[in-house]
Amino acid sequence: MKIFRIAIIVFAFIPLYFGLSGTISGAAPLVNGEPVAGAVDNQYRYLSGVYIGIAIMLFYAAGDVIARAQIFRLAMLAVFIGGIARLVSYLTVGGAEQWQVGGMVTELLAPPLYMLWLALVLKRSSNIIR
């Protein structure tokens, strides 16, 4: 279970990094310094704050994976839904930056894999308790 907790913590640094950088920088870096509409920047910074919230949920869940499994599941669901939203954008608007495509792939693959891993951890812990 220790490796699982470490994996959660490492994964949590991804939304934390993008959340902090997006909150601080706003949307301007995505358009090479061109002017950004206030509504676009506002929405971008808001969603960056949501990333920070997801990271906090993951760090919290890692503290006691068994007792906080539901919080972990909800955080992973949010990440997965974000990946679906990116996929919709990719299919309807077109390609994105390479790092964004990498984010989409991670957001679509990591949550199901973490859910499988969580199921194994919970099964193992219930067998130990018996």
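Would you check if VAL36 is assigned to a loop (DSSP other than H, G, I, E, B) and either polar (S, T, N, Q) or farther than 13 Å from ALA55 by Cα (or both)? Against the criterion (assigned to a loop (DSSP other than H, G, I, E, B) and either polar (S, T, N, Q) or farther than 13 Å from ALA55 by Cα (or both)), VAL36 qualifies.
Quickly run through region 120-130 and pick out the residues that are of a type in the set (Val, Ile, Thr) and either in contact (Cβ under 8 Å) with a residue 12 or more places away in the chain or not in a helix (DSSP H, G or I) (or both).
Here is the first cut: in region 120-130, the residues of a type in the set (Val, Ile, Thr) are 121, 128-129.
Scanning region 120-130 gives a single hit, VAL121.
Filtered by the rule that a residue be exposed (fewer than 12 other Cβ atoms within 10 Å of the Cβ), among the hydrophobic types (A, V, I, L, M, F, W, C) and either assigned to a helix (DSSP H, G or I) or touching a residue at least 60 places away in the same chain (Cβ under 8 Å) (or both), region 85-119 gives VAL88, LEU91, TRP99, LEU113, LEU116, ALA119. When ASN42, ASN32 are checked against the criterion of being exposed (fewer than 15 other Cβ atoms within 10 Å of the Cβ) and on the phi > 0 side of the Ramachandran plot, a single residue qualifies: ASN32. Would you check which residues across region 45-68 are aliphatic (A, V, I, L, M), surrounded by fewer than 17 Cβ atoms within 10 Å (Cβ to Cβ), within 19 Å of GLY82 (Cβ to Cβ) and out of contact with any Gly (no Cβ under 8 Å at 6 or more places or on another chain) and list them? Within region 45-68, just ILE56 meets the criteria.
Based on what the data block shows, is SER126 surrounded by 11 or more Cβ atoms within 10 Å (Cβ to Cβ) and out of contact with any Lys or Arg (no Cβ under 9 Å at 6 or more places or on another chain)? Outline the logic, then answer.
Values: surrounded by 11 or more Cβ atoms within 10 Å (Cβ to Cβ): no; out of contact with any Lys or Arg (no Cβ under 9 Å at 6 or more places or on another chain): yes.
The answer is no for SER126.
Which residue is nearest to ASP64 (Cα to Cα), if the candidates are limited to region 27-50 and must be under 18 Å from the mean Cα position of the chain (by Cα) and not basic (Lys, Arg)? The qualifying residue nearest to ASP64 (Cα to Cα) is VAL50.
Checked against the criterion of being under 23 Å from SER126 (Cα atoms) and either modelled with pLDDT of 95 or more or within 11 Å of the chain's Cα centre (by Cα) (or both), the candidates ARG5, ARG86 yield just one match: ARG5.
The values are calculated or read from the model by the stated rules, or taken from the named source; none is laboratory data. No experiment lies behind these values; they were computed from the predicted model shown. Virtual Cβ from ideal backbone geometry, glycine too; neighbours counted across all protein chains shown.
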